[in-house]
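The values are calculated or read from the model by the stated rules, or taken from the named source; none is laboratory data. It should be emphasised that the depicted structure is a prediction, and the values quoted were computed from it without experimental measurement. Reconstructed Cβ throughout: ideal geometry from the backbone, glycine too, with neighbour counts over all protein chains shown. Note: accessible area is taken over every heavy atom of the protein model, side chains too, but ligands, DNA and RNA are not part of it. Shrake-Rupley method; radii C 1.70, N 1.55, O 1.52, S 1.80 Å.
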Amino acid sequence: MLHKDFDLGLSAARELEVPMPLATTAQLIAAAIGAGHLEEDFASLILEQARISGITRKAQNMAVDDALSPQT
């Protein structure tokens, strides 16, 4: 759905002849879809950008607060 929405926005920008600086993001979304990230959230864009940039990700193995749990 995200890819479709970007396509609609880019199409409207072309018709109105206005700048659309999100074109690079639309390309990233297309690359993520092509890489098989079909049922994932926006975090898949980070994964895809790292992959195409040649960045190797390494887990830091640290606890992260979800900000939803009651404070003790």
Practice item. Within segment 43-54, track down each residue that is surrounded by 10 or more Cβ atoms within 10 Å (Cβ to Cβ) and not basic (K, R). Key: S44, L45, I46, L47, E48, Q49, A50, I52
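Just give me the residues in segment 44-59 being out of contact with any helix residue (DSSP H, G or I) (no Cβ under 9 Å at 6 or more places or on another chain) and more than 19 Å from I33 (Cα to Cα), in sequence order.
K58, A59
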Exercise for review: Would you check if there is a residue in segment 57-64 being open to solvent by 100 Å² or more (accessible area, probe 1.4 Å) and part of a helix (DSSP H, G or I)?
Suggested key: no
Review point. Taking into account only those residues within segment 1-33 that are out of contact with any helix residue (DSSP H, G or I) (no Cβ under 9 Å at 6 or more places or on another chain) and among the hydroxyl-bearing types (S, T, Y), which is surrounded by the fewest Cβ atoms within 10 Å (Cβ to Cβ)?
Key: T24
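Would you say G36 is at pLDDT 85 or above, loosely packed, with under 10 Cβ neighbours inside 10 Å and out of contact with any His (no Cβ under 7 Å at 6 or more places or on another chain)? First the steps, then the outcome.
Working: at pLDDT 85 or above: yes; loosely packed, with under 10 Cβ neighbours inside 10 Å: no; out of contact with any His (no Cβ under 7 Å at 6 or more places or on another chain): yes.
It is false that G36 is at pLDDT 85 or above, loosely packed, with under 10 Cβ neighbours inside 10 Å and out of contact with any His (no Cβ under 7 Å at 6 or more places or on another chain).
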Check your understanding: Would you call L47 in contact with a Leu (Cβ under 9 Å, 6 or more places away or on another chain), touching a residue at least 12 places away in the same chain (Cβ under 8 Å) and not acidic (D, E)?
Key -> no
Practice item. Select from segment 41-54 the residues that are assigned to a loop (DSSP other than H, G, I, E, B) and either within 13 Å of H3 (Cβ to Cβ) or modelled with pLDDT of 85 or more (or both) and list them in ascending order. Key: F42, G54
Point to revise | Filter result (among the small types (G, A, S) and at pLDDT 70 or above) within segment 10-28 | key: S11, A12, A13, A26
